[in-house]
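Presented below is the structure to which this report refers.
The values are calculated or read from the model by the stated rules, or taken from the named source; none is laboratory data. All of these numbers come straight from a predicted model, not from anything done at the bench. In this analysis, Cβ positions are derived from the backbone assuming ideal geometry, glycine residues included, and neighbour counts consider all displayed protein chains.
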Amino acid sequence: MDIQKKNWQTLSKKEIYTNPWIEVTEAQVLNPNGGRGIYGVVHFKNLAIGVIPVSASGHTWIVGQHRYPFNGKFTWEIIEGGGPLETDPLVSARRELLEEAGLIAKEWKLIQEMELSNSATDEKALIYLAQDLTETTPEPEDTELLMVEKIKLRTLCDMVLQGEITDSLSVAGVLKLMQIHPELIK
C-alpha cells in the first residue's frame, strides 16, 4: 500500500464561526482508510510572526504577558504577533519588533518556517533573527499590556531548555537559533 496516494476526501464543509482573525469550519470527510467522520479546522486569517532580536553585546528582548486561552497564565515569549496574509511578512516582523520592543533592525534573516498545529489548524509561522539594532520607543497595540525585558541570549536559551518558556514560536525559534548560530550565544 502506498500511503502517499491515500488522502482525506471532503464530502461537504460548512462555516461554524468567523471573526476578523479566525474561521472555524466543520467538514464531513472520508479518512484515508475510507471511514466516514467529521473534521473541524481553525483557519487563521493572519500569518504568525516571531522575531528574535540579538544585539552586538549578545542581548535579546523578551515579552511577558497574560494569555487568555490559558486562563490568563503569564508567559515569557519572543517578540511575536500576526501579519495579514497579503502583506510581506518582513513588513509585519518589522512592525512587531517596533511595537513590542521599541527596536529597529537593519539586518533580517528568516530562520524558521513552521505549521503551528497542523492537526487542527492551517496556521503558518515565520521566525526571524533581527540584528544591527537601534533602540527607540515601543508602540504597543492598545489591547496589549506587555512587560519587556532585555536579557542575555544565553539566558533565553536556558529558559527554553529548562521548560520555563513553552510558547511554540519561542521554543522552535530559540532551538533553531542555537543550531544555526551558536556563535551568538555568549
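For region 75-90, residues that are of a type in the set (D, E) and farther than 24 Å from K150 by Cβ total 2.
I need a count of the residues in region 17-31 that are in contact with a strand residue (DSSP E or B) (Cβ under 6 Å, 6 or more places away or on another chain) and either exposed (fewer than 12 other Cβ atoms within 10 Å of the Cβ) or at pLDDT 95 or above (or both). Qualifying residue count, region 17-31: 9. Filtered by the rule that a residue be in a strand (DSSP E or B) and either more than 19 Å from E77 (Cβ to Cβ) or not assigned by TED's automatic domain parsing to the domain that holds W76 (or both), region 109-145 gives K109, Q131, D132, T134, E135. Might you let me know whether region 95-107 holds any residue that is touching a residue at least 60 places away in the same chain (Cβ under 8 Å) and either surrounded by fewer than 19 Cβ atoms within 10 Å (Cβ to Cβ) or not hydroxyl-bearing (S, T, Y) (or both)? There is no residue in region 95-107 that is touching a residue at least 60 places away in the same chain (Cβ under 8 Å) and either surrounded by fewer than 19 Cβ atoms within 10 Å (Cβ to Cβ) or not hydroxyl-bearing (S, T, Y) (or both).
One line per residue, one yes/no per condition, for (1) modelled with pLDDT under 95; (2) within 15 Å of the chain's Cα centre (by Cα); (3) over 16 Å from P53 (Cα atoms); (4) of a type outside the set (D, E, K, R):
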| residue | (1), (2), (3), (4) |
| --- | --- |
| I79 | no, yes, no, yes |
| I111 | no, yes, no, yes |
| S117 | yes, yes, yes, yes |
| I127 | no, yes, no, yes |
| L161 | no, no, yes, yes |
| S168 | no, yes, yes, yes |
| A172 | no, yes, no, yes |
| I185 | yes, no, no, yes |
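Out of W21, W61, report the one residue that is touching a helix residue (DSSP H, G or I) at 6+ places or on another chain (Cβ under 8 Å), touching a residue at least 12 places away in the same chain (Cβ under 8 Å) and of a type in the set (F, W, Y). It is W61.
Scanning region 109-145 for residues that are of a type in the set (A, V, I, L, M, F, W, C) and surrounded by fewer than 16 Cβ atoms within 10 Å (Cβ to Cβ) gives L110, L116, A120, L145.
Note on region 165-186: among residues that are farther than 17 Å from H59 by Cβ and in contact with a helix residue (DSSP H, G or I) (Cβ under 8 Å, 6 or more places away or on another chain), the one that is surrounded by the fewest Cβ atoms within 10 Å (Cβ to Cβ) is L175.
If only residues of region 146-164 that are in contact with a helix residue (DSSP H, G or I) (Cβ under 9 Å, 6 or more places away or on another chain) and part of a helix (DSSP H, G or I) are counted, the one that is farthest from W61 (Cα to Cα) is L161.
The C-beta contact set for region 167-186 (first residue touching a residue at least 60 places away in the same chain (Cβ under 8 Å) and under 15 Å from A125 (Cβ atoms), second residue of a type in the set (D, E, K, R) and not in a helix (DSSP H, G or I), distance under 9 angstrom, 6+ apart or interchain) comprises D167/R67; D167/E77; D167/E80; L169/E77; L169/E80; S170/E77; S170/E80; G173/E80.
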